[in-house]
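Report on one structure; see the data block that follows.
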Amino acid sequence: MASIFTKIVQGEIPCEKVFETDSELAFLDIMPNEIGHTLVIPKLEVLRLEDLPQSHAISLMCSLQKVAKAVSLAFDGIDYNLILNNGANAGQVVEHIHFHVIPRSEGSPRPFQKHIQYADREMQKIGARIRNYF
Ligand code: AMP
């Protein structure tokens, strides 16, 4: 079944569109974290960032940069977070990749409140583990 975002792309569900290319769409989040909270999606319906063909990923990043700049300028050059919830445990609800552009002003909640500490030599081991997959 098509994702809710595919239905938006196909015009079956309305949205407050702010930007569109042949392969991306950006529209306002219906339950915003902050005023101006915008979603940037590839029109291609894929679940996770790593599933997106590289050419689409590059195009998505170009659109994301443009949309983020426009959102910022629309609020006097406001700061913003770019957030991608990639998978259910990361908070992804809609199973169609989407970047959140969330304006942040003084006093806005910080997204990274939690910090942990690596054990002795653990950082090097984790680095090696990740490098293995390139
Ligand atoms: P996530 O938790 O990263 O999957 O975020 C999904 C986001 O999509 C949430 O912030 C929702 O408010 C937003 N959303 C869901 N349905 C719609 C819709 N029809 N139009 C705009 N935003 C939507």
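The values are calculated or read from the model by the stated rules, or taken from the named source; none is laboratory data. Treat the numbers as computed from the prediction; the structure is a model and nothing was measured. Positions of Cβ are generated from backbone atoms using ideal geometry, with glycine treated the same way; all protein chains shown enter the neighbour counts.
Residues in segment 100-118: is at least one β-branched (V, I, T) and either at pLDDT 95 or above or within 16 Å of the ligand (Cβ to nearest atom) (or both)? Can you show your working first?
So in segment 100-118, the residues β-branched (V, I, T) come out as 101-102, 116.
Among the residues that remain, those that are also either at pLDDT 95 or above or within 16 Å of the ligand (Cβ to nearest atom) (or both) are: 101-102.
Scanning segment 100-118, I find at least one residue that is β-branched (V, I, T) and either at pLDDT 95 or above or within 16 Å of the ligand (Cβ to nearest atom) (or both), so the answer is yes.
Could you please find all residues in segment 3-18 being assigned to a loop (DSSP other than H, G, I, E, B), within 11 Å of the ligand (Cβ to nearest atom) and surrounded by fewer than 17 Cβ atoms within 10 Å (Cβ to Cβ)? Walk me through how you get there before you give the answer.
Pass one, segment 3-18, residues assigned to a loop (DSSP other than H, G, I, E, B): 3, 10-16.
Remaining after also requiring within 11 Å of the ligand (Cβ to nearest atom): 3, 12-16.
Of everything in segment 3-18, those that are assigned to a loop (DSSP other than H, G, I, E, B), within 11 Å of the ligand (Cβ to nearest atom) and surrounded by fewer than 17 Cβ atoms within 10 Å (Cβ to Cβ) turn out to be E12, I13, P14, E16.
From the set of residues in segment 89-98 that are among the hydrophobic types (A, V, I, L, M, F, W, C) and either in a loop (DSSP other than H, G, I, E, B) or more than 9 Å from the ligand (Cβ to nearest atom) (or both), which is surrounded by the most Cβ atoms within 10 Å (Cβ to Cβ)? Reasoning before the result, please.
At the first step, the residues of segment 89-98 found to be among the hydrophobic types (A, V, I, L, M, F, W, C) are 90, 93-94, 97.
Then drop every residue that is not either in a loop (DSSP other than H, G, I, E, B) or more than 9 Å from the ligand (Cβ to nearest atom) (or both), which leaves 93-94, 97.
Numbers: V93: 8, V94: 13, I97: 26.
Top of the filtered list is I97.
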Checklist entry - Mind checking which pairs have a first residue in segment 103-129 that is closer than 16 Å to I78 by Cβ and a second that is among the hydroxyl-bearing types (S, T, Y) and outside any loop (DSSP other than H, G, I, E, B), Cβ under 9 Å, 6 or more apart or different chains? => result P103/T38; P103/S72; P103/Y80; R104/Y80
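Give L39, L44 a once-over and let me know the one that is in a loop (DSSP other than H, G, I, E, B), under 20 Å from N86 (Cβ atoms) and touching a His at 6+ places or on another chain (Cβ under 6 Å).
Values: L39 fails: in a loop (DSSP other than H, G, I, E, B).
The match here is L44.
Within the group V46, V67, which residue is within 16 Å of the ligand (Cβ to nearest atom), surrounded by 13 or more Cβ atoms within 10 Å (Cβ to Cβ), free of Cβ contacts under 8 Å to residues at least 60 places away in the same chain and over 18 Å from S3 (Cβ atoms)?
Of V46, V67, the one residue that is within 16 Å of the ligand (Cβ to nearest atom), surrounded by 13 or more Cβ atoms within 10 Å (Cβ to Cβ), free of Cβ contacts under 8 Å to residues at least 60 places away in the same chain and over 18 Å from S3 (Cβ atoms) is V67.
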Item to check | Identity of the residue in segment 25-43, free of Cβ contacts under 8 Å to residues at least 40 places away in the same chain and under 15 Å from H96 (Cα atoms), that ends up nearest to the ligand (Cβ to nearest atom) | outcome: F27
Item to check | Long-range neighbours under 8 Å by Cβ, at least six apart or interchain, first residue over 16 Å from F5 (Cα atoms) within segment 79-99, second surrounded by fewer than 13 Cβ atoms within 10 Å (Cβ to Cβ) and not aromatic (F, W, Y) | outcome: D79/S105; N81/P111; I83/P111
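Residue check: is S55 within 12 Å of the ligand (Cβ to nearest atom) and among the small types (G, A, S)? Reasoning before the result, please.
Details: within 12 Å of the ligand (Cβ to nearest atom): no; among the small types (G, A, S): yes.
Against the criterion (within 12 Å of the ligand (Cβ to nearest atom) and among the small types (G, A, S)), S55 does not qualify.
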Checklist entry - For segment 27-61, how many residues are touching a strand residue (DSSP E or B) at 6+ places or on another chain (Cβ under 7 Å) and charged (D, E, K, R)? => result 3
Next on the checklist: Taking the conditions exactly as written (within 15 Å of the chain's Cα centre (by Cα) and in a strand (DSSP E or B)), does L25 satisfy them or not?
Outcome noted: yes
